[in-house]
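Peer 1: Before I ask anything, let me first share the structure, which is written out below as structure tokens.
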Amino acid sequence: MAAISDYASLLVDAGEYSGRDDIAHLFPRFVGLAEAKFNRVLRVGEMEKSGTIVLTDGNGNLPADFLEARMVVSPDGANLVAWSLSELNRRYSNFGGIPAGYAVVGSVLRVRPTASGNVTMDYYATIPPLTVANPTNWLLTKAPDAYLYGVAEEIAIWERDPAKVSAAQGLKVQALRGLNLQDERSRWGNSQVVIGGLTP
């Protein structure tokens with residue numbers, strides 16, 4: 001088996017791994033389903049992006065690739081606090097003023113007190129989808145095994161083969177755990193523990 005370097009080689013290897021040479025017409029579906037599962041569980045540095053959200057009366061459209069907010073900063077540079085929608089409304093109602101908190105409502109960022117202008121947001125973005133036109137992405141480069149086992153799992157689900165599903169799923173989970181561990185080490189491997197508060 002040659003190295004998995006792009007969409008085409010993933011198709012070949014997934015077919016060989018699964019013992020199927022008749023999946024090419026279904027391959028885009030399998031890749032899309034695997035990526036949907038990756039996006040639900042994976043949160044690593046390569047998924048982080050920054051963007052500007054334009055507010056009109058305290059509401060702004062989230063980026064199309066938005067998964068989860070990491071930090072939202074008001075125009076004056078203050079970090080906004082995340083609240084549930086009910087708590088945000090209870091605290092600030094529709095008062096105008098300097099933004100202090102936010103809630104995500106569907107595909108909209110709701111900031112209160114109500115303001116217009118721009119906020120900046122660091123967020124986790126969806127994994128760029130693999131396609132014939134976009135044959136590689138950071139995840140395939142960094143963890144081709146995750147893709148291989150993720151696609152193999154989808155093929156096994158399509159085959160209705162519980163044993164194959166379980167085997168591929170276990171290998172996929174192990175690959176994703178390894179990716180998360182690698183990310184934690186790269187972020188925090190040389191960090192120092194700081195204890196807050198008064199010391200005796």
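The values are calculated or read from the model by the stated rules, or taken from the named source; none is laboratory data. All figures in this text were calculated on a predicted structure; none of them were measured in a lab. Every residue, glycine among them, receives a Cβ derived from its backbone with ideal geometry; neighbour counts consider all protein chains shown.
Peer 1: Name the single residue that is surrounded by the fewest Cβ atoms within 10 Å (Cβ to Cβ) among those in the range 3-27 being charged (D, E, K, R) and more than 17 Å from V165 (Cβ to Cβ).
Peer 2: Of everything passing the filter in the range 3-27, D22 is surrounded by the fewest Cβ atoms within 10 Å (Cβ to Cβ).
Peer 1: Regarding A167, is this residue free of Cβ contacts under 8 Å to residues at least 12 places away in the same chain, outside any helix (DSSP H, G or I) and either hydrophobic (A, V, I, L, M, F, W, C) or over 16 Å from N39 (Cα atoms) (or both)?
Peer 2: no
Peer 1: In the range 38-74, which residue that is charged (D, E, K, R) and at negative phi is surrounded by the fewest Cβ atoms within 10 Å (Cβ to Cβ)?
Peer 2: Here the residue is R40.
Peer 1: Which residues, taken from the range 153-164, are out of contact with any Pro (no Cβ under 9 Å at 6 or more places or on another chain) and part of a helix (DSSP H, G or I)? First the steps, then the outcome.
Peer 2: Filtering the range 153-164 for residues out of contact with any Pro (no Cβ under 9 Å at 6 or more places or on another chain) gives 153-155, 157-164.
Selection gives E153, E154, I155, I157, W158, E159, P162, A163, K164.
Peer 1: On to the next question. When you scan the range 87-140, how many residues do you find that are surrounded by fewer than 18 Cβ atoms within 10 Å (Cβ to Cβ), among the polar types (S, T, N, Q) and modelled with pLDDT under 95?
Peer 2: Result for the range 87-140: 5.
Peer 1: Here are some residues: D13, D21. Which one is in a loop (DSSP other than H, G, I, E, B) and more than 23 Å from Y124 (Cα to Cα)?
Peer 2: D21 is the lone residue from the list that is in a loop (DSSP other than H, G, I, E, B) and more than 23 Å from Y124 (Cα to Cα).
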